[in-house]
Amino acid sequence: MRILDIGPTSSTNINFLTALGHSVYMANLVEDAIDPKWAQPDADTPFPVEDFVRQNLDFGDRLFDTVFFWDVADYFPTELRAAVVNRIHEVMQPGGQLLAFFHVKPESGLQRYHLRDDAQVDTQFAAEAEVRNTLTNRQIEQLFNEFTSYKFFLAKDNLREVLVTR
């Protein structure tokens, strides 16, 4: 399988997934989005969404079977969130699956997620970052409206887990 892992780079995930015979592509979009080159000179200047998506989400002809979206959408500027999800939809195989987490309340500190052999996920502090928005279930449904289906689960640590099918 081809897997897209969007979040802070995890050597644990790379080793785990490649040992299973999968190929992994990493995209650390939260840290990329807070790079000073994307800084807006004032509050009235919109985030350069098209340039960001073109520079950070160009995968050539690759299509992905699985996407780990983690909790990164909560850290994006509002105008970037839908554009990233739309681009992910374009680069996923029909029937592909996406795993996303959404914060129930604002928090600080970007987490790195590590997959484990026992089907659990460990977290590790990755960087200082503030959750910009917390979305309701209805807003999450609208975010993934181009996808075939989605299922909500209540995860631990004030997170909602959403499994989305392309």
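Within region 130-151, count every residue that is under 25 Å from LEU17 (Cβ atoms) and surrounded by fewer than 15 Cβ atoms within 10 Å (Cβ to Cβ).
3
Condition test on ARG54, is it among the basic types (Lys, Arg) and either under 22 Å from ASN145 (Cα atoms) or over 15 Å from the mean Cα position of the chain (by Cα) (or both)?
yes
Within region 90-97, does at least one residue satisfy the condition of being surrounded by fewer than 16 Cβ atoms within 10 Å (Cβ to Cβ) and of a type in the set (A, V, I, L, M)?
No, region 90-97 contains no residue that is surrounded by fewer than 16 Cβ atoms within 10 Å (Cβ to Cβ) and of a type in the set (A, V, I, L, M).
Go over the candidates ALA127, ALA119 one by one and state the one that is under 17 Å from ALA73 (Cβ atoms) and surrounded by fewer than 15 Cβ atoms within 10 Å (Cβ to Cβ).
ALA127
Filter region 15-66 down to residues that are within 30 Å of LEU115 (Cβ to Cβ), part of a loop (DSSP other than H, G, I, E, B) and open to solvent by 70 Å² or more (accessible area, probe 1.4 Å), then give me how many there are.
5
Taking the residues in region 74-88 that are more than 17 Å from ASN137 (Cα to Cα) and among the charged types (D, E, K, R) as candidates, determine which candidate is most open to solvent (accessible area, probe 1.4 Å).
The selected residue is GLU79.
The values are calculated or read from the model by the stated rules, or taken from the named source; none is laboratory data. Computed from a predicted structure; not experimentally measured. Every residue, glycine among them, receives a Cβ derived from its backbone with ideal geometry; neighbour counts consider all protein chains shown. All accessible areas refer to the heavy atoms of the entire protein, side chains included, with ligands and DNA or RNA removed. Shrake-Rupley method; radii C 1.70, N 1.55, O 1.52, S 1.80 Å.
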